[in-house]
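Contents: one structure, followed by commentary.
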Amino acid sequence: MLTCLGLEAQITLSLSSKNYNFGENGYYYGEVIDTRPSKYFLGKLYNRNGVTDDLEIRGGTEKAFLNQTESNFIRRSNSTALIAEITDLNFKETRRRDGLISGKATIRLSIYTVHEGDTSLICKPYSSSLYERSLNNLKEESFEPILNQMWFSCLEFVDNYVKLNKSRIEAFNEGVEIIILPYEARNTRDTVHYNSRKVTWDDFKAEPRRQSRYAAAIFPTIALGSKLTVRNGRLTAILSPQVFMIQSQSWAKSVARNKESLEHEQIHFDITKVVMDRLIVKLREINANTMDDLSSYIQYEYLQAFREMNKLQDAYDSESNHNLNKVKQAEWAKKVKDWLAEGNF
């Protein structure tokens, strides 16, 4: 439709309904957003007088394109919602010396998934079209197919992208997979990993605390390496547990370097392993709907385990009176041995 208001004129397009035959692919378009300055303006076209008229779309791009997609994608309760953001859409024409008009139309989109209230960019489709026309041939029906075809090309790109990458896109996840790698057993210059061997007095390399009333102190701890990814349609956490003691922070006075005292320190190390065994059990039970939730749950369980480790270490030293109460020391030795057997990871 060509309308004239004083010296200004415009051509207004109406997008006809199209059947793209995308079928059911587990997603639909819940929203179309146009972030350009105008949701109506598409470009400037030369009219027969050699001046330009505005090309606009009736009702705006957001409504027009959303209407195009609503009838072409099956929406179910478990379908994933997509948002199509129009970042560029423009018809640009050049008047040639031979009197013809050369035109180029372009469209750029950003496609987002919507999952658990969060949006995530998955791809940026682009399409363009070149055309030629005479100066006198300025008709609405000449431009509507170009616009429709570019929109279809972008949707087709997204459809192919989803098909190829669906198993790696968070919003299409079908559950959680927790992979626990074997305990680290390679020692470094300053660490002794639990699964490598038992501790010896040579591992207590720090200077003794001369003013401390204790004869020795071991510094065992836990760590959890993690890699989060999406594979095979599942949110996946690949976790590498570590239980180790730090030699440069562990010390022993010469008076303490005997078999019984070393066994006491070894049980401190054993308790650390027990805590990590228990943490692994909890980690394997984690379920989440988003990668952020998965990361948060893992971090929470790790911090809880760290607190439990400190609590058990304090209880062990308090009840055994740092190896002076032989009855309690023996009780703890048996208790920790049983705990280790229960874990058996």
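The values are calculated or read from the model by the stated rules, or taken from the named source; none is laboratory data. Predicted model only: the values in this text are computed from it and were never measured. Every residue, glycine as well, gets a Cβ built from its backbone with ideal geometry; the counts of neighbours run over all protein chains shown. In case anyone asks, the SASA skips ligands and DNA or RNA and just uses the protein heavy atoms, side chains included. Shrake-Rupley method; radii C 1.70, N 1.55, O 1.52, S 1.80 Å.
Points to keep in mind about this one:
- Note, ³J(HN,Hα) from phi for region 62-77, Karplus 6.51, -1.76, 1.60, rounded to Hz, x at Gly and Pro: 4, 5, 5, 6, 5, 4, 5, 8, 4, 8, 10, 10, 7, 9, 10, 4
- Helix 140-165 vs. the chain, principal-axis angle (Cα, 0 to 90°, nearest 10): 20
- Structure-derived Rg and Dmax of the Cα atoms in Å - corresponding label in (i) 21.9, 75; (ii) 27.2, 100; (iii) 34.0, 106: (iii)
- The residue among Asn160, Tyr112, Val230 whose Cα reaches farthest toward the positive pole of the charge dipole of the chain, with charges on the beta-carbon of Lys, Arg, Asp and Glu, is Val230.
- Here the contact order of the chain, divided by its residue count and restricted to Cα pairs under 8 Å and six or more residues apart, works out to 12 percent.
- Contour excess over end-to-end distance, with Cα ends at Arg48 and Gln149 and 0.36 nm allotted per residue: 33.8 nm
- Region 176-343, accessible surface, carbon-and-sulfur percent (1.4 angstrom probe): 48
- Listed residues His322, His268 arranged by accessible area, highest first, probe 1.4 Å: His322, His268
- Rounded to the nearest 20, the size of the Cβ-charge dipole of region 260-326 about its Cα centre is 140 debye, with Lys and Arg at +1 and Asp and Glu at -1.
- Tyr214 long-range amide H proximity, modeled H, under 5 Å: none
- For region 271-278, 3J(HN,Hα) computed residue by residue from phi via the Karplus equation (6.51, -1.76, 1.60; θ = phi - 60°) reads 4, 4, 5, 4, 4, 5, 4, 5 Hz, glycine and proline entered as x.
- Contact order normalised by residue count of region 218-345, Cα under 8 Å, 6+ apart, percent: 25
- Per-residue Karplus couplings for region 16-22, computed as 6.51 cos²θ - 1.76 cosθ + 1.60 with θ equal to phi - 60°, are listed in order as 7, 5, 10, 9, 8, 6, 7 Hz, Gly and Pro entered as x.
- Contact order normalised by residue count of region 22-93, Cα under 8 Å, 6+ apart, percent: 52
- Extreme residue, positive dipole direction of region 10-51, given options Tyr27, Phe41, Ile11 (C-beta unit charges): Ile11
- For the chain, the longest principal axis of the Cα atoms and the long axis of helix 291-320 meet at an angle of about 10 degrees.
- About its Cα centre, the dipole of region 10-170 is roughly 460 debye, where the only charges are +1 on Lys and Arg Cβ and -1 on Asp and Glu Cβ.
- Signed unit charges on C-beta, dipole axis of the chain, positive-most listed residue Ile180, Gln266, Ile83: Gln266
- Excluding ligands, DNA and RNA, the accessible surface per residue across region 236-345 is 51 Å² with a 1.4 Å probe.
- Annotation note: chymotrypsin sites (Phe, Trp or Tyr not before Pro) in region 189-222 located in DSSP loop regions with a Cβ neighbour count of at most 14 within 10 Å are Tyr214.
- Dimensions of region 10-170 based on its C-alpha atoms, expressed as ranges along the principal axes with the largest first, amount to 54, 28, 27 Å.
- Label-point separation in nm, Ser79 to Leu130, each point 7 Å along Cα→Cβ: 3.7
- Net charge dipole size for the chain [Lys, Arg +1 and Asp, Glu -1 on Cβ; Debye, nearest 20]: 1020
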